[in-house]
Amino acid sequence: MTTNEMVMYDELVELGIATPEELNLARNLVNGTWEEVLTSVLFVRTGYRSIQQMMEAEDEEEETDEQYEDYEPDDCDFDEGFDPYMGCFSFDC
C-alpha cells in the first residue's frame, strides 16, 4: 500500500465512512488496487469521487449555512405549525 493509499484509508476510517473491516472486505472482494477500492467505497457511501470533492462540498455547505443562519422571514407566523396528519398548517400543533 502506498503512502497516499494509507492516508486515504485512514481518512475513510476517521471520517466514519467505513470501518477497517469493511475496507479489508471490499479489498478482498474487488479485484483492483487499494486506491480503486477506497475510491469505490467512498463513492458508494457518499456519492463523491474523491475526499477533496467531499471536503469542498462540505465547505460550501457551511458557507451557505452561515449566510442563512440568522435569516428570519418577516411574514412568518410562529404560532402556526405543519400538521402531518392533516397535510396542512394548523394553529393547534
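If Lys and Arg each add +1 and Asp and Glu each add -1, what is the summed charge of the other residues whose beta carbon sits under 15 Å from the beta carbon of residue 20?
On the way: positive: 27, 45; negative: 5, 10, 11, 14, 21, 22.
In short, -4.
In plain terms, the residue of 49, 27 with the fewest other Cβ atoms within 10 Å comes first and the most crowded comes last, giving 49, 27.
In what sequence do 8, 54 fall when counting other Cβ within 10 Å, fewest first?
Arranged by neighbour count, lowest to highest, 8, 54 become 54, 8.
Summary value for region 3-67: 25 percent relative contact order, contacts being C-alpha pairs under 8 angstrom separated by 6+ residues.
Once you sort the root eigenvalues of the Cα gyration tensor of region 3-67 as a ≥ b ≥ c, which label holds: rounded (a/c under 1.5), prolate (a/b larger than b/c) or oblate (the other case)?
On the way: a/c = 2.45, a/b = 2.39, b/c = 1.03.
In terms of gyration-tensor shape, prolate.
Bear in mind these aren't lab numbers, they're just calculated from the coordinates by the rules spelled out. Predicted model, so just to flag it, every value in this text is computed and none were measured. Backbone-built Cβ (ideal geometry, glycine too); neighbour counts: all protein chains shown.
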